[in-house]
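Student: Have a look at this one before I ask anything.
The values are calculated or read from the model by the stated rules, or taken from the named source; none is laboratory data. Fair warning: this is a prediction, and the values are worked out from it, not measured in the lab. Cβ coordinates were reconstructed from backbone atoms using ideal geometry, including for glycine residues, and neighbour counts include every protein chain displayed.
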Amino acid sequence: MNLKEQIKQSETIELVDKGNVIAIYDRKEGNKFKIKWSEGETKNEDEIYDIIMQILKQTTIDVFFDNIKYNKGMVVLSLFDGISCGRIALERANIKVKTYYASEIKKHAIKCSQEHYKDIIQLGDVTKIHYSNGILYTENGEFNVGEIDLLIGGSPCQDFSIANKNRLGLEGMKSRLFYEYLRLLEEIKPKYFLLENVRMKKEAEKQLNSFLGVKGFHIDSKLFSYQTRHRIYWTNLKIEEPKDLQINFQDFKGIGDIDEAKVNKTPSRIRMWNDGVKKDFRTCKNITYCDKVGCITRKQDRSPNSGLIAHQDFCRFLTRAELEMAQTLPIGYTKSLSYNQAQDVIGDGWTVDVVAHIFRSLNKL
Ligand SMILES: C[S@@+](CC[C@H](N)C(=O)[O-])C[C@H]1O[C@@H](n2cnc3c(N)ncnc32)[C@H](O)[C@@H]1O
């Protein structure tokens with residue numbers, strides 16, 4: 001349905017279209033707003049759309065239906081926001097954001113986000129956030145946010161992860177933060193939600209499916225980048241089956257500052273590299289000639305991780321730029337952080353293009 005048809009169906013506003021005049025009549029307030037152009041001048045669909053949007057911007061008419069709401073911008077709450085990969089993904093999907101509230105406690109992640117998006121409102125610790133009657137109560141103060149359109153987040157995941165041999169599932173301390181997401185989802189009742197998490201045991205996944213009322217959608221980032229990263233996404237948005245973009249690490253290997261990524265020959269690292277021969281789960285994968293790197297984790301000096309690259313007479317980690325690209329972040333996004341801080345937050349982050357793929361469905365509602 002196009003915008004004009006949607007307005008026609010609205011009970012609160014009326015659209016008057018008289019060839020060279022478009023007017024919007026606010027039935028509730030009795031106000032009329034119009035834009036006129038010279039007679040005989042024709043306007044195409046896109047131009048009409050822009051005119052309607054221009055009129056709506058002048059009005060105090062609040063939101064009546066989806067399309068217009070999004071064009072006015074969405075109110076977003078991002079829990080466990082990290083370096084705001086969700087915000088970059090919204091931008092990439094062309095979704096206008098009115099206000100973006102973020103809950104995050106890691107100082108260097110917040111520093112990176114704020115450097116790129118000065119308008120993000122930081123709310124602090126998720127366990128101290130409550131929502132009631134349009135107000136967010138937080139450790140950083142109270143915010144009159146009204147309705148929240150989109151709730152997003154990926155709670156810390158070590159206790160779910162198949163890669164963690166001692167995982168405790170939903171009982172693990174870190175995964176318990178998942179319940180904070182669930183609590184806020186119930187308090188807020190946003191129009192749309194997205195929760196991301198790692199691949200986990202079937203029982204835990206089923207539990208999450210039933211808590212969230214939707215089945216998790218599995219996507220491996222390798223379809224969108226040169227990184228293998230299998231993740232589950234729970235959302236009430238429709239996700240289209242992604243296509244494989246066939247991105248090969250060999251086409252990008254070597255970008256960025258290699259000096260930063262050098263590995264010192266300490267006994268543990270000699271064991272970890274093992275001349276590039278993978279011996280057991282403690283030995284890192286040799287990705288020198290691979291199409292895809294392994295999953296980027298907070299630390300690259302342990303296995304399983306993204307892998308190591310032969311360099312001079314030893315090996316190296318991925319450069320910061322290689323790490324950023326693996327997550328489809330803008331190159332240089334983490335430049336204000338130290339290399340160790342950067343790999344920490346990039347490893348924690350989302351593959352931006354995967355999330356942008358999911359958010360694109362907001363344009364089709
Ligand atoms: C898996 S990462 C999510 C990263 C994020 N999706 C991104 O785009 O970068 C989980 C994040 O939760 C944050 N976190 C942990 N405890 C928290 C708490 N109590 N309140 C808010 N954030 C918390 C961590 O600092 C970490 O950045």
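Student: Have a look at SER155, SER225 and point out the one that is out of contact with any strand residue (DSSP E or B) (no Cβ under 8 Å at 6 or more places or on another chain) and either at pLDDT 95 or above or more than 14 Å from CYS295 (Cβ to Cβ) (or both).
Tutor: Within the list SER155, SER225, the selection yields SER225.
Student: Still on this structure, I have one more. Restricting the search to the stretch 79-102, which residues are within 12 Å of the ligand (Cβ to nearest atom) and part of a loop (DSSP other than H, G, I, E, B)?
Tutor: PHE80, ASP81, GLY82, ILE83, SER84
Student: What's the total number of residues in the stretch 82-104 that are surrounded by fewer than 23 Cβ atoms within 10 Å (Cβ to Cβ) and among the β-branched types (Val, Ile, Thr)?
Tutor: Residues meeting the conditions: 3.
Student: Within the stretch 339-360, how many residues are in contact (Cβ under 8 Å) with a residue 60 or more places away in the chain and farther than 17 Å from PHE80 by Cα?
Tutor: Residues meeting the conditions: 8.
Student: While we're here: Among the candidates MET53, MET74, single out the residue that is more than 16 Å from the ligand (Cβ to nearest atom) and modelled with pLDDT under 75.
Tutor: Answer to the check: MET53.
Student: Can you tell me which of (1) touching a residue at least 24 places away in the same chain (Cβ under 8 Å); (2) surrounded by fewer than 19 Cβ atoms within 10 Å (Cβ to Cβ); (3) in a loop (DSSP other than H, G, I, E, B) is the one GLU260 doesn't meet?
Tutor: Unmet for GLU260, out of (1) touching a residue at least 24 places away in the same chain (Cβ under 8 Å); (2) surrounded by fewer than 19 Cβ atoms within 10 Å (Cβ to Cβ); (3) in a loop (DSSP other than H, G, I, E, B): (3).
Listed here are the residues, each with its yes/no results for (1) surrounded by fewer than 24 Cβ atoms within 10 Å (Cβ to Cβ); (2) among the β-branched types (Val, Ile, Thr).
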residue	(1), (2)
PHE317	no, no
LEU323	no, no
ALA326	no, no
TYR333	no, no
SER338	yes, no
ASP344	yes, no
GLY347	yes, no
THR351	no, yes
ASN363	yes, no
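Student: Only residues that are within 13 Å of the ligand (Cβ to nearest atom), among the small types (Gly, Ala, Ser) and not in a helix (DSSP H, G or I): list them for the stretch 336-354, please.
Tutor: Listed by number, the list holds a single entry, GLY349.
Student: Another question about this same structure. Counting just the residues of the stretch 103-125 that are in a helix (DSSP H, G or I) and touching a residue at least 12 places away in the same chain (Cβ under 8 Å), which one comes out farthest from the ligand (Cβ to nearest atom)?
Tutor: Among them, the one singled out is GLU115.
Student: Filter the stretch 110-124 down to the residues that are loosely packed, with under 14 Cβ neighbours inside 10 Å and either over 26 Å from PHE359 (Cβ atoms) or acidic (Asp, Glu) (or both) and list them by number.
Tutor: ASP119
Student: Tell me, which residue of the stretch 323-335 that is out of contact with any Phe, Trp or Tyr (no Cβ under 7 Å at 6 or more places or on another chain) and more than 15 Å from the ligand (Cβ to nearest atom) is nearest to ILE255 (Cα to Cα)?
Tutor: So the residue we want is ILE331.
Student: Here is a follow-up. Could you give every pair whose Cβ atoms fall below 7 Å, whose first residue belongs to the stretch 126-144 and is near the ligand (Cβ under 10 Å from one of its atoms), and whose second residue is hydrophobic (A, V, I, L, M, F, W, C), counting only separations of at least 6 or pairs across chains?
Tutor: If the second residue must be hydrophobic (A, V, I, L, M, F, W, C), the pairs left are VAL126/LEU79; VAL126/PHE80; VAL126/LEU177; ILE129/LEU123; ILE129/LEU136; ILE129/LEU184.
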